[in-house]
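Visitor: To start, I am sharing the structure in question, which I have written as structure tokens.
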Amino acid sequence: MLEGSFIFKSFNIFYRTSGSGVPLVLLHGFGEDGTVWHNQVEALQSDAFIITPDFPGSGKSVLNPEDFTEENTQLLDSIELYADAIEALLHHLNITHCTMLGHSMGGYVALAFAQKYPHLLKAFGLIHSTSFADTDEKKENRRRGIALMEAHGGYSFLKNTIPNLFTATFKKDFPIEVDGLIEKAKGFQTKSLQSYYRAMINRPDRTNILKEATVPVLIIAGDQDSIIPLNDSLLQSHQPNICQINVLKNTAHMGMWEAADQMNECIAAFLELVDEVGE
């Protein structure tokens, strides 16, 4: 695995690359960084050139308190900013086409990317994610989350919410993995997490991006996911012209870990589909 970084606007963007073959960009979700995909990188690096960036404010794309100027905060409160950062990363790596898969918040970024930069995509996918905008109830829950972070700090918020991403069985059988994700949460600036929540609140419905997609779309859902309801994923799977949908059994919101082998098989099959469509 190789590591690198570059400056986008005033933000440092850190990324990892591994493997060889067709470019595959894996975008992490809220409260994570690119290492959340370690199972997929290990399994798929013989099939693809895998790029796992950290969004500004996550992992090694560190933001310091002084970075949160009024202008920067306005940028960070927009999902489009993160899509623009990924476009800049592809330009930095001289990549002209890729397959892009996003987990949860990363899926929102992938959809924004597909809207702004469709010419750079051979395919894209939503991993435990949705094209639907937040409901009013969801927006209010996020606003409460922002207030809780302000009062108690981002780490306290993630410490309480991260366990809810997993099934009870996974938490019982793999407590070290869950605790490890919680431990990594100490590296987040509260302001970064608050910006992510505001960006998610502000994002529009992008179901039309699925309907208008001219490239294959992958949708992976968990049958026990309380964050992204299974029915939402099933509804969206009828929108794209070419869609591969996979439902992971006994899986909540973190299929990359909870059902790693199944997830890897789904992505490998999707890459084969993309290759066939491109011929």
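Residues checked against (1) more than 16 Å from the chain's Cα centre (by Cα); (2) more than 26 Å from Phe270 (Cβ to Cβ); (3) at pLDDT 95 or above; (4) surrounded by 21 or more Cβ atoms within 10 Å (Cβ to Cβ):
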| position | (1), (2), (3), (4) |
| --- | --- |
| Asp173 | yes, yes, yes, no |
| Ile182 | yes, yes, yes, no |
| Ala199 | no, yes, yes, yes |
| Asp205 | yes, no, yes, no |
| Lys211 | yes, no, yes, no |
| Ile219 | no, no, yes, yes |
| Gly222 | no, no, yes, yes |
| Pro229 | yes, no, no, no |
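Visitor: Can you find even one residue in region 119-127 that is in contact (Cβ under 8 Å) with a residue 60 or more places away in the chain and assigned to a loop (DSSP other than H, G, I, E, B)? Don't jump to the end; show me each part of the working.
Guide: Applying the first criterion (in contact (Cβ under 8 Å) with a residue 60 or more places away in the chain) to region 119-127 yields 121-127.
Okay, now just the ones that are also assigned to a loop (DSSP other than H, G, I, E, B), so none.
Checked against the condition, which is being in contact (Cβ under 8 Å) with a residue 60 or more places away in the chain and assigned to a loop (DSSP other than H, G, I, E, B), region 119-127 yields no hits at all.
A quick yes/no check of all residues on (1) more than 22 Å from His92 (Cα to Cα); (2) buried (at least 21 other Cβ atoms within 10 Å of the Cβ):
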| site | (1), (2) |
| --- | --- |
| Glu32 | yes, yes |
| Glu42 | yes, no |
| Ser46 | yes, no |
| Ile50 | no, yes |
| Asn64 | yes, no |
| Glu70 | yes, no |
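Visitor: Another question, if that's okay. Which one of the conditions (1) within 23 Å of Ile242 (Cα to Cα); (2) in contact with a Pro (Cβ under 9 Å, 6 or more places away or on another chain); (3) hydroxyl-bearing (Ser, Thr, Tyr); (4) assigned to a helix (DSSP H, G or I) does Tyr108 fail to meet, given that it meets all the rest?
Guide: Only one criterion in (1) within 23 Å of Ile242 (Cα to Cα); (2) in contact with a Pro (Cβ under 9 Å, 6 or more places away or on another chain); (3) hydroxyl-bearing (Ser, Thr, Tyr); (4) assigned to a helix (DSSP H, G or I) is unmet by Tyr108, namely (2).
Visitor: Return the pairs, sorted by first residue and then second, in which the second residue is surrounded by fewer than 21 Cβ atoms within 10 Å (Cβ to Cβ) and small (Gly, Ala, Ser), the first residue lies in region 250-279 and is within 16 Å of Gly29 (Cβ to Cβ), the beta carbons are less than 7 Å apart, and the residues are 6+ apart or on different chains.
Guide: Pairs found: Ala252/Ser226.
Visitor: Taking Asp47 as the residue in question, decide whether it is among the acidic types (Asp, Glu) and in contact (Cβ under 8 Å) with a residue 60 or more places away in the chain.
Guide: Values: among the acidic types (Asp, Glu): yes; in contact (Cβ under 8 Å) with a residue 60 or more places away in the chain: yes.
Considered against the rule, which asks whether it is among the acidic types (Asp, Glu) and in contact (Cβ under 8 Å) with a residue 60 or more places away in the chain, Asp47 comes out as yes.
Visitor: If I go through region 150-160 residue by residue, how many of them are over 21 Å from the mean Cα position of the chain (by Cα) and part of a helix (DSSP H, G or I)?
Guide: 4
Visitor: Which one is nearest to Tyr196 (Cα to Cα) among residues in region 102-120 that are under 16 Å from the mean Cα position of the chain (by Cα) and among the aliphatic types (A, V, I, L, M)?
Guide: Residue satisfying both the conditions and the ranking: Met105.
Visitor: Inside region 1-101, counting only helices (runs of 4 or more DSSP H) that do not spill past its ends, which hold 1 or more residues that are over 23 Å from Ala268 (Cα atoms)?
Guide: 70-76, 79-92
Visitor: Which ones in region 2-28 are under 28 Å from Asp275 (Cβ atoms), in contact (Cβ under 8 Å) with a residue 40 or more places away in the chain and among the aliphatic types (A, V, I, L, M)?
Guide: Within region 2-28, Val22, Leu24, Val25, Leu26, Leu27 meet the criteria.
Visitor: Right, something else. Cβ contacts < 7 Å: first residue touching a residue at least 40 places away in the same chain (Cβ under 8 Å), restricted to region 81-96; second residue assigned to a helix (DSSP H, G or I) and surrounded by 15 or more Cβ atoms within 10 Å (Cβ to Cβ), any location; separation 6+ or different chain. Result?
Guide: Leu81/Leu75; Tyr82/Val109; Ile86/Val109; Ile86/Phe113; Leu90/Leu120
Visitor: Hey, any hits in region 136-157 for a residue that's surrounded by 15 or more Cβ atoms within 10 Å (Cβ to Cβ), more than 23 Å from Glu258 (Cβ to Cβ) and among the acidic types (Asp, Glu)?
Guide: No - not one qualifying residue is present in region 136-157.
The values are calculated or read from the model by the stated rules, or taken from the named source; none is laboratory data. Everything numeric in this text was worked out from a predicted model, so none of it was measured. A quick note on method: Cβ atoms are made from the backbone with ideal geometry, for glycine too, and the neighbour counts reach across all protein chains shown.
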